Structures are given as structure tokens and as C-alpha cells.
Amino acid sequence: MTDADDELRAAREQSAASHEILAALSRDTADPGAVLDTIVEYAARLCGATAAQLFVVDGDGFRLSRVSGATPEEYREYLANHPIARNRSSTVGRAAEDRRTHQVADVLSDADYGRLDLQRLTGFRTLLSTPLLSEDEVVGVLSMWRIDVDPFDERERERLEEFAVQGAIALRQVHLMRALEARRSELADKVAQLEALQQVDDAVGSSLDLDEVLERIVSNAVRLTNLGFGDTTLRTDGGSILDYDDRAGTFAVRDTTGTSRRLLEQLRTISIDRSSLLIGQAARTLRPCSVSDLAHAQRDAFLEIVFGDGWRSVLAVPMLRGDTLVGVLVIRRRGTGDFPSDVTDLLETFANQSALAIVNARLYRELETRSRELEIASSHKSEFLASMSHELRTPLNAVIGFSEVLLDGMFGEINSQQEEYLRDIWNSGRHLLELLNEILDLSKVEAGHMVLEPSTFPVAGAVKDTLAMIRDRAAAHRISMSVELADDVEVIEADELRFKQVLLNLVTNAVKFTPDGGSVSLCVRGDGPDLIITVTDTGIGVAPEDQDRIFESFQQGRRGPSKGEGTGLGLTLSRRIVELFGGRMWLNSTVGAGSTFGFSIPVLPTTPTIPDEVTVAAPSRGPVLVLVDDDRASLDLIEAYLVGSRARVLKAHDGIDALELIRRVRPAGVVLDIKLPRLDGWHVLAELKSDPVTAGVPVVIASVIDDRPRALALGADAYLLKPVSREELLTALQRILGERRRR
């Protein structure tokens, strides 16, 4: 066979080997080790070696990575304990140092060869080694031997170097795969940590109770350290939260987990401040601090108590809200050892997240405390106002009522001076009553006790009734009044009494602050679901700086002297009532040109149901009315109101007598007070309506107690709040007597 034939055969073998190696590279991308095995086997076969090995760099030496099948097992085991160094004592070391191929024809004749221990194990005589270079860096060495003294020729050296190039590519792939796997594992750990943090954050943030938040923080902190991140051989067994008092500069143990009662009591008896060793260091540096072995560390009072309870390693993590220290989270272990950095980082993130939950819980607790204090203060205020109301309404009832009776001339003629004085008394009484009612109403709104009583009523009628109450005052000052009512506005469903109260306040203010000869216009229109009402006057207007203040209590704005006295509560109360309706109130004003006050409330259009006008014709002998009140002046006033009617009046001064009288005479109607001796009016009303004999007797409540819903729920036919005017009483009696007659 000629040399040309040998070269052709060798080329074909090399080509086949390269093809197989490339196929392995494409086939075993997930297992580069299989490619290296292929390279080592082909290198040994095509180079005519007894055995071949692949060494990879491992620190300052080389670790055996891959071998061909002829490599003895004893050789492999021996190298595991006696690795090849990166020096010139071996061909592997020389190839790495010189970054080129090295051959020793006979190791027994090479005085510099220093690994005869390996030669005695295998019997090799000739060695050939070449480096694996990746990005100009030695990553391994491909080596082979023959047991006879038979040096490798130049062609065999070139083949080995070609296999080394392919091996370097495969090793590079191994390194990339390992780096990728490490990165994937790191990312998986990070995702698991984030998911754990999210779960813990949800659990901690789901409560605003401070004690519950603290308990969840410390228990979840211990749970996080035991999820498998970092060194899992050291288990966290307990923890605690120390609350920081910034004013005193001290820490207090607030909540714990995995802690005995004895340890907790001991920790709460000592003083912990910023000068303490572990806790103080974490507070001063605002960084996590740890002690890996308490037995060999300096210990202060806190650490001494912890050590005495059997704990051996401790980690303190500051809880920060921004740069503000909220507290310190302490993690304890029974075993010794450092806390892994990934665990420390995880707890640091968790501690800072938890600090926000603690701050929120503290604020919520403060808010609850303030709310309770405000509720108590509001309750005391309401009780005082109710008591004041009850005490003032009875004498006011007499002052207003009797002055009205005298002004009507029901007990004889009065001269002009007497009429003037009586009218002053009546006006002052009404003003005091207005002030009292508005203070009570405002107090109800602020306390959330005002309940709207919606009904369906025509807007036109409410506007007409309201203007009728102010028309005389406007006429006295030559103030013209006009109304623009949209055709599509007919009825609304709202609290009629409160609706009229708001409207009357706005119209009264407009007249009050409009100069003589001016005008006031009222506009009523619909806008979708809203009813919009505006009251425009030609007064002097409200300065811009007063337009917000004017809605505050006891403020009228600097609008100059009015034509009558006011309480300064009307606009405040009106806006609150409009807000109860679900609406809003506003003001547009220009100084010197006038003002427009407006409000809108959501209403639902309904079909109007207006009752027929009631006309009462008293029987010839006159109806019998029973008046029940323990106050003599009130009884006399109501009786005076009835002078001129055909009604016959019977009186009772307490609840027991009233029940006996009503059952005996079965009157046409009853006027009943609530505050009665022996049996109060509530019980009297309940007894009357539960007895079939008296259930049909109409009852009008006339009392200083403002509880219309309760009265109506018990069956009252009308409810009048003292002071009661003659017109209110006669209107109520006329209505209920007319209804009874129709039945």
C-alpha cells in the first residue's frame, strides 16, 4: 500500500470522526458530556493510542473528566485523590503552561517527568498531550499514552490537535449549559422568593388590627426562612418583633413566635435601646446584623436571656419606612452558623414591606381611638342638646302660644303698645325656636341620626307653600318675587319637610339680603335624573373670599346688615340636608350685582297622587278631644287654641289616667304628650293601638321629643314637635277627624 493510499485512508477516517462528532454536537445539545466521550474514543482509536483522557481545569490543577475504555479503574480512583498539578512535572501540566502540544517518548528516560506513580499504575511509556483553548484560555488538556516506547508521529499529533479543538467547543458548550442551568436555578429561586413575599405581603396587608399584623409578620418571617432558600440545614425555630419608640429611643418586644412564655416575660422586663449590641447595631446602621454563635460572642442583657433559653444564632433585621426606623425583626435558631446572604436579603425586603403594614395599622388604631373619642363627645353633645331642647321647648311653647292667643284677641282687645310688646315676645320666641331647631338638626346630621322620610309630592305645591311664608316680608320691602317652573317638573319623591326647609332658607336669605325695591327669582327645572333649583337675588353679593366660608356654621358672610335676625346655621344645615338627598349645593355671586344659590337633588319621576281637600263639619254636639299632658301651661294653651271650635275638651295629667279616660269616653281624637308620669306616652300609644276598642281613635303626638318615625311606627296619626302653633294643631285635627269621618 502506497503512502498516498495511507493518507487517503487517514483522511477518510478523520472525516468520519469529525462527522460523528458534529452529529453528536447537534444531537446531544442537552448532554455535552456525551460529545466529549465521543471525542476521547475517536482520539484514542485514530491516533493509535492505548488510552486517552480528557482533563479539565480545576483550580490550580486538573480533574479527570473523560477517559477511553482502556483506562484502568485504579488509575481513575488514584487521580481522584492525587490530581495532576499545573506545573512541568507532567505532559498535561506542560501543555497547559506552554499552550502547545507536548510529547515524552519514554517517561522512564525523562528526568523532569514527576508522575512516575501514575506510570507504575498503568505501565505507559509514551505520552502525548495538547491543550484545549477557548477564547485564548486553557480550559482543559487532551492526553493519550502508549504502553510501548512508540512516539506519536506528526500526523497523529495533528489529529489530536484537531480533536482538541472540537473538545474545546464541547467544553465551552458544557460551561454554557452549566451557567444556563445555574442562572435558571437562580431565577427559579428568585421567582419562588417573590411568590412567597407576595403571599406573605397579602397575608400581612389583609388586616389593619395592629396586634394581628405584628403576629402575622413574625410568623411569616420564620416561615420564609424555612422555604428552602440558602442553607436549608439550619432551621429557623423562633422570632420576635421589637417595636421602636422614636421619642424614647427604646425597643419593646411586641409579638413573638416559637417563644416560651418565660422567655417573653424575661425579654419584656429589660430595657433595650440603641446602645445595645445586636439590636442597637441594626438600628444604628440600618442594616441586618447577626451573631452566628452566641456561645463565643459578647452578650448584652437581651442576648444573655436569649442564650440562656437555648438559642445559639440570631439575626436582627431593621424595619424601615423610607429612612425611618419602625422596629426590628429578630430571627432565632437553635443551631450555630451564619445566615445565608440570600435569606438575609429576603428578610430585609420582607421587613421593609411589613413596616408599611405596621405604619398603616398604627394609623388605623389611632383613627379608631380618635373616632371613639369623637363618638363619645358627639354622644355627650347630642345628649346635652336633647336635654336643652326638652327644657327650652316647654317654656317656649307657653311663650309663643300664649302670645299668639293674646295677639288674636281671644281674651279681649289689646291696645297698640300691648300688641307691639306681644309681637316682640312672639318674634323673639320664634327666633329662639328657630335657633334651637337648627342647632338640633345640624347636630343630628353631624351625628348621622337624621333620617329622611321620602314621600311623593308635587313640586309646584311645595314651592307655593314656601313662597307664601315669605311673600309678606318681601312685599313690605317692595321686593318683587317671580317663579319659573318647567312644565316637565311635576312630582318628586323626597322628604317634603326637609325639601321645604332648604327652599325656605334660600328664599328667606335672598329676601333678607336684598335691598328695598330689588327682586328675587326662583327657577325650577329638570336635568336628567336631577331636580335643579336656583334662587337669584339682586343684593350686594358675596365677596370671593367669603363664598366658601358662608357655608360654615354661624357665618353669614360680609353682606352688610340684613332685614331680620338669622342664626348663621341655615346654609350649613341646608347644604348638609342636600348632601343627605345625594345632591350638591353651590353659590355664584358677583359683588354689587347679586347672588345665585342653587342645589340639585336626584329624584325619580312618579305619577302624582294628590289627596282631595278635606272639609270637616263638626257634629252638632261637637267632637270630644282628650288632651294628655303633665304640664298645666301646655294643656291650657291647647285648650285656648280650641276656643271657638265646637270641640269638647277632657284632660288627663298622666298615662294611667289617660288610658282609663280614653277607654271610657272613646273620644274623636287624642292629643298626647310623651313625657308623662306613671306611664309615658309611648306606652299609652302602644296600649291604645293594641286594644281593638281604642285602636281606631286618632292620636296626635305633641311633644318636645323629636322621634317622628317611632311615633308613626306605633300608630300615631300625626306628629307635632313643640312649640306647636294654633294653625298646626287645628290642621292636624281637621285632617284626622275628616279621615275618620270618611271611614
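The residue that is farthest from Ser68 (Cα to Cα), counting only those in the range 163-186 that are basic (Lys, Arg) and surrounded by 11 or more Cβ atoms within 10 Å (Cβ to Cβ), is Arg178. How many residues, within the range 465-482, are loosely packed, with under 14 Cβ neighbours inside 10 Å and either of a type in the set (A, V, I, L, M, F, W, C) or in contact with a strand residue (DSSP E or B) (Cβ under 7 Å, 6 or more places away or on another chain) (or both)? Selection size over the range 465-482: 6.
Looking across the range 139-178, the residues that are of a type in the set (Lys, Arg) and over 60 Å from the mean Cα position of the chain (by Cα) come down to Arg146, Arg155, Arg157, Arg159. For a quick check of your reading of the model, give me the residue pairs whose first member lies in the range 77-92 and is without any contact (Cβ under 8 Å) to a residue 60 or more places away in the chain and under 20 Å from Leu108 (Cβ atoms), whose second is of a type in the set (Ser, Thr, Tyr) and buried (at least 20 other Cβ atoms within 10 Å of the Cβ), with beta-carbon atoms closer than 7 Å and at least 6 apart or on different chains. Pairs found: Ile84/Ser90; Thr91/Ser129; Thr91/Ser143; Val92/Ser129; Val92/Ser143. Within the range 647-660, the set of residues being of a type in the set (A, V, I, L, M) and in contact with a Pro (Cβ under 8 Å, 6 or more places away or on another chain) comprises Ala647, Leu650.
Looking at the structure I just gave you, is Ala52 surrounded by 14 or more Cβ atoms within 10 Å (Cβ to Cβ) and among the small types (Gly, Ala, Ser)? Answer is yes for this residue. Take Val699 and decide whether it is in contact with a helix residue (DSSP H, G or I) (Cβ under 7 Å, 6 or more places away or on another chain) and closer than 30 Å to Gly409 by Cα. Judged against the criteria, Val699 is a match. Scanning the range 513-541 for residues that are of a type in the set (D, E, K, R) and either within 15 Å of Leu587 (Cβ to Cβ) or in contact with a strand residue (DSSP E or B) (Cβ under 8 Å, 6 or more places away or on another chain) (or both) yields Arg525, Asp527, Asp530, Asp537. On the stretch given as the range 623-643, residues that are touching a Lys or Arg at 6+ places or on another chain (Cβ under 6 Å) and under 22 Å from Arg678 (Cα atoms) total 2. May I ask you to verify whether Val405 is out of contact with any His (no Cβ under 6 Å at 6 or more places or on another chain), aliphatic (A, V, I, L, M), at pLDDT 80 or above and closer than 30 Å to Phe307 by Cα? So Val405 does not fit the description; no. Only residues that are free of Cβ contacts under 8 Å to residues at least 24 places away in the same chain and either among the polar types (S, T, N, Q) or under 19 Å from Leu176 (Cα atoms) (or both): list them for the range 136-153, please. Result: Asp136, Glu137. Cβ-Cβ contacts under 9 Å between residues 6 or more apart (or on different chains), taken from a first residue in the range 337-361 that is closer than 16 Å to Arg321 by Cα and not assigned by TED's automatic domain parsing to the domain that holds Leu286 to a second residue that is surrounded by fewer than 17 Cβ atoms within 10 Å (Cβ to Cβ) and hydroxyl-bearing (Ser, Thr, Tyr), are absent.
Here His390 meets the list (1) at pLDDT below 75; (2) farther than 30 Å from Lys675 by Cα; (3) not hydroxyl-bearing (Ser, Thr, Tyr) almost entirely, failing just condition (2).
In contact with an Asp or Glu (Cβ under 6 Å, 6 or more places away or on another chain), modelled with pLDDT of 85 or more, closer than 21 Å to Ala658 by Cα and not in a loop (DSSP other than H, G, I, E, B): does that describe Leu733? Spelling it out, it is not the case that Leu733 is in contact with an Asp or Glu (Cβ under 6 Å, 6 or more places away or on another chain), modelled with pLDDT of 85 or more, closer than 21 Å to Ala658 by Cα and not in a loop (DSSP other than H, G, I, E, B). Residue pairs whose Cβ atoms lie under 6 Å apart, sitting 6 or more positions apart in sequence or on different chains, and linking a residue in the range 496-514 that is more than 11 Å from Val578 (Cβ to Cβ) to a partner that is part of a helix (DSSP H, G or I) and of a type outside the set (Lys, Arg), are Lys500/Ala462; Lys500/Thr466; Leu504/Thr466; Val507/Ile470; Thr508/Ile470; Val511/Ile470; Val511/Ala474.
Does Glu727 satisfy being closer than 21 Å to Val399 by Cα, surrounded by fewer than 17 Cβ atoms within 10 Å (Cβ to Cβ) and not small (Gly, Ala, Ser)? Taking the combined requirement at face value, the residue satisfies it.
For the range 244-265, the candidate set comprises residues that are within 17 Å of Val222 (Cα to Cα) and of a type in the set (Gly, Ala, Ser); within that set, the residue that is modelled with the lowest pLDDT is Gly258. Just one of the listed residues (Arg157, Arg120) is in contact (Cβ under 8 Å) with a residue 12 or more places away in the chain and of a type in the set (Lys, Arg), namely Arg157.
Gly322 falls short on exactly one of the conditions (1) surrounded by 15 or more Cβ atoms within 10 Å (Cβ to Cβ); (2) farther than 16 Å from Gly239 by Cα; (3) without any contact (Cβ under 8 Å) to a residue 40 or more places away in the chain; (4) within 40 Å of the chain's Cα centre (by Cα), and that condition is (1).
Among all positions in the range 464-481, there is at least one residue which is of a type outside the set (S, T, N, Q) and part of a strand (DSSP E or B).
Kindly indicate whether Leu194 is of a type outside the set (S, T, N, Q), assigned to a helix (DSSP H, G or I), at pLDDT 85 or above and not assigned by TED's automatic domain parsing to the domain that holds Asp342. Criteria not met by Leu194. Of all residues in the range 132-173, which are within 26 Å of Leu116 (Cα to Cα) and aromatic (Phe, Trp, Tyr)? Of everything in the range 132-173, those that are within 26 Å of Leu116 (Cα to Cα) and aromatic (Phe, Trp, Tyr) turn out to be Trp145, Phe152. When the range 232-261 is limited to residues that are of a type in the set (A, V, I, L, M) and in contact with a helix residue (DSSP H, G or I) (Cβ under 6 Å, 6 or more places away or on another chain), the one that is nearest to Ser354 (Cα to Cα) turns out to be Ile241.
The values are calculated or read from the model by the stated rules, or taken from the named source; none is laboratory data. Note that the structure is a prediction, hence the values are computed from the model and not measured. Every residue, glycine as well, gets a Cβ built from its backbone with ideal geometry; the counts of neighbours run over all protein chains shown.
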